[in-house]
1. May I ask you to list the residues in region 208-241 that are part of a helix (DSSP H, G or I) and of a type in the set (Ser, Thr, Tyr)?
2. Pull up region 60-70, narrow it to residues that are outside any loop (DSSP other than H, G, I, E, B) and free of Cβ contacts under 8 Å to residues at least 12 places away in the same chain, then point me to the one that is nearest to PRO153 (Cα to Cα).
3. LEU78 is checked against (1) in contact with a helix residue (DSSP H, G or I) (Cβ under 8 Å, 6 or more places away or on another chain); (2) assigned to a helix (DSSP H, G or I) and fails just one. What number does that condition carry?
4. Among all residue pairs at least 6 apart or on different chains, which show Cβ distances below 6 Å where the first residue, located in region 226-250, is surrounded by fewer than 23 Cβ atoms within 10 Å (Cβ to Cβ) and the second is small (Gly, Ala, Ser)?
5. Residues being small (Gly, Ala, Ser) and either touching a Lys or Arg at 6+ places or on another chain (Cβ under 8 Å) or at pLDDT 95 or above (or both): count how many of those fall in region 169-188.
6. Looking at (1) under 20 Å from the mean Cα position of the chain (by Cα); (2) more than 17 Å from THR90 (Cα to Cα); (3) in contact (Cβ under 8 Å) with a residue 12 or more places away in the chain, which is the one condition that is false for LEU253?
7. Would you please name the residue that is surrounded by the most Cβ atoms within 10 Å (Cβ to Cβ), looking only at residues in region 81-116 that are among the β-branched types (Val, Ile, Thr) and at pLDDT 95 or above?
8. Pick out the one residue from GLU128, GLU120, GLU124, GLU107 that is of a type in the set (D, E, K, R) and in contact with a Pro (Cβ under 8 Å, 6 or more places away or on another chain).
Amino acid sequence: MMSEVLAVQVESAAKAAGLVVVSTEAGQEVSGGATAKFTLALAADPGKTQLLELSERFEFGRPDLKEGVQAYLAEAALRLRNPRPDCYLTLHGIPLSFGRFGWPFHESTSGADTSLVHGEVRLEDGGESVLHAKVAVSMTVTFRDVVAAPEQPFAEGFIYNAVRKTMDQGQLELVKSGNRQPVPLTTRYYSLKQKRFVFNDTTALQQKDFLAAKLYWLSGVLGAGAPVWLLDPRDVQYLDTTAEALGAATKELAAEGLLHWSSNAEFGVATPKLMERRDQYSAQLAHALQAIKPSFNEEMRAGLTNM
């Protein structure tokens, strides 16, 4: 049976963040342990939901873990205001949705000393969502030491960023069907000296261009003109920047007539002027998708080799 204590703790923390628990159910880890699944929604807009899955052994009462969950829920309350809270953009301009992640991490059964979490990303270009990649994110023993707990609230953000980074590196392929593809999560994504995650070294111009593309895809194409959160901490981490720097970029976009502010200064809407860049962003996406396709030696495929 689901832990009643854990359910009460999650419900209380969700309420404090402006969320409500609309449903709960028991789940199971890949390794066989029990989990608790909570469907969370905005108190002001119950139509926006997301799943939170915790192992039943999760120590919610530990002060450091409790603070981590509270911070996660506070972010979730803002992210759920997006028209598509499950969608993110890669630095190379690929709009993706993230889902079907099975939490928490489980130990590898192949003998490797790694922890894994499985999930799925799908291409979201406004058409039928067919192309996708099933992923197996692996965390090394060394990396495990920098994570407070191998649970969703503490790992989801940097895992999504690792997937975005791996996609841009051409190491993930979007297909109609296929096996799980590896996403290795090592300390190259974490600065032990600075004690923070590092994914991309970006300039102010790249950050501005990223936000413009994010507005185009997540607000204009996928959101039907609804406002999106422009200062998402996950993007801050992904771009290796600060919220202040992204805030400055949004002001430039607004001054150029590419962004309209919503009632909250952290949220913006794509303008008609920005949506006129359809050909530009479509070409950028096509180029990025071509770059992640595996290439073959055509002469070898035809048998024209000396082997």
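The values are calculated or read from the model by the stated rules, or taken from the named source; none is laboratory data. All of these numbers come straight from a predicted model, not from anything done at the bench. Glycine gets a Cβ as well: all are built from the backbone with ideal geometry, and neighbour counts include every protein chain shown.
1. If the condition is that a residue be part of a helix (DSSP H, G or I) and of a type in the set (Ser, Thr, Tyr), then TYR216, SER219, TYR238 are the ones that fit.
2. By that ranking, first place goes to GLU67.
3. (1)
4. LEU231/ALA243; ARG234/GLY157; VAL236/ALA243
5. Qualifying residue count for the region: 1.
6. (1)
7. Selected residue: ILE94.
8. Residue meeting the stated conditions: GLU124.
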